[in-house]
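Quick notes on the structure that follows.
The values are calculated or read from the model by the stated rules, or taken from the named source; none is laboratory data. Source: prediction; values computed, not measured. All Cβ positions, glycine included, derive from the backbone under ideal geometry; neighbour counts span all protein chains shown.
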Amino acid sequence: MVDFMGKTAIVTGGAQGIGRAVADAFKQAGARVAVIDRKPSDTAYDYYHEGDLSDPKVIEAFVSETMARLGRVDVLVNNAMTSRGGLSGCSYVDFVWTLKVGAAAPFWLAKCLDAHWAKGAAMVNISSTRAFQSQRNTESYAAAKGAITALTHAMAMTLAGRVRVNAVAPGWIDTGGNTYTGPDADQHAVGRVGVPDDIAQAVLYLCSDKSGFVTGQTLVVDGGMSAKMVYHGDEGWSLSP
């Protein structure tokens, strides 16, 4: 296991799913962990803040209290995200709100933390393979994930020498404890659907000294799904319009 003993990790959207797996992984690796989410949590972290990341004042209050308690930041994981659909039903307000949570909040959080980065700090943004491929009516989510992917390499250059900045782009990650077989599993080169810990372990690597020569990159963690070409009739799949 990678050792983060004595280090401070901040995770957004850590109440459930991938965010919770990431926060728990850092805690198990010895880090002090601060989490922010709109929902309450039943897990004991070093600091937990309930708040909406679309509000910059909430971000500022979270940073202020976290630094007062924990003093510095070694790791920032921008995971919080939502979706309000796409062209068929997403309003202008909903579209902008999605971008606030998925792109503006990570930017503002990084800016508010500017004076608090520890030596050798790392940031990981949770992107998505949907930054590169899409289903219908997912414009709000795809736009936010495209934005955070671009922000990753931009911030890596701005923070060069101070913070390494990378992204993880998950594919199909089941957060409900379901078991998938047949075509659902077979369309993945590894033969299964992903689980939150698959992403948590990738994040731990990118925040550790083992990835010290990696910055400005987006690591796709999707079991090979996006690399596997599937036509009608392949892998048990058929299209029924």
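Data overview
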{"quantity": "Any hit, segment 79-89, residues being hydrophobic (A, V, I, L, M, F, W, C), at pLDDT 95 or above and in a helix (DSSP H, G or I)", "calculated": "no"}
{"quantity": "In segment 221-241, the residues that are over 20 Å from Thr179 (Cβ atoms) and either under 12 Å from the mean Cα position of the chain (by Cα) or among the acidic types (Asp, Glu) (or both)", "calculated": "Asp234"}
{"quantity": "Segment 94-150: number of residues that are part of a strand (DSSP E or B) and within 22 Å of Pro196 (Cβ to Cβ)", "calculated": "5"}
{"quantity": "Every residue from segment 194-217 that is touching a residue at least 40 places away in the same chain (Cβ under 8 Å) and surrounded by 20 or more Cβ atoms within 10 Å (Cβ to Cβ)", "calculated": "Pro196, Ile199, Ala200, Val203, Leu204, Leu206, Cys207, Thr215"}
{"quantity": "Asp37 in contact (Cβ under 8 Å) with a residue 12 or more places away in the chain, under 22 Å from Trp108 (Cβ atoms) and touching an Asp or Glu at 6+ places or on another chain (Cβ under 9 Å)", "calculated": "yes"}
{"quantity": "Some residue of segment 137-146 being free of Cβ contacts under 8 Å to residues at least 12 places away in the same chain and either surrounded by fewer than 21 Cβ atoms within 10 Å (Cβ to Cβ) or under 24 Å from Val214 (Cβ atoms) (or both)", "calculated": "no"}
{"quantity": "Pick from segment 5-24, criterion in a helix (DSSP H, G or I) and hydrophobic (A, V, I, L, M, F, W, C), ranking: surrounded by the fewest Cβ atoms within 10 Å (Cβ to Cβ)", "calculated": "Ala21"}
{"quantity": "Total residues in segment 80-120, condition in contact (Cβ under 8 Å) with a residue 24 or more places away in the chain, farther than 16 Å from Thr12 by Cβ and among the hydrophobic types (A, V, I, L, M, F, W, C)", "calculated": "5"}
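So that you can scan it fast, the table gives a plain yes or no per residue for (1) crowded, with 24+ Cβ neighbours inside 10 Å; (2) within 26 Å of Lys119 (Cα to Cα):
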| position | (1), (2) |
| --- | --- |
| Gly30 | no, yes |
| Ser54 | no, no |
| Ser64 | no, yes |
| Val75 | yes, yes |
| Ser83 | no, no |
| Gly102 | yes, no |
| Pro106 | yes, yes |
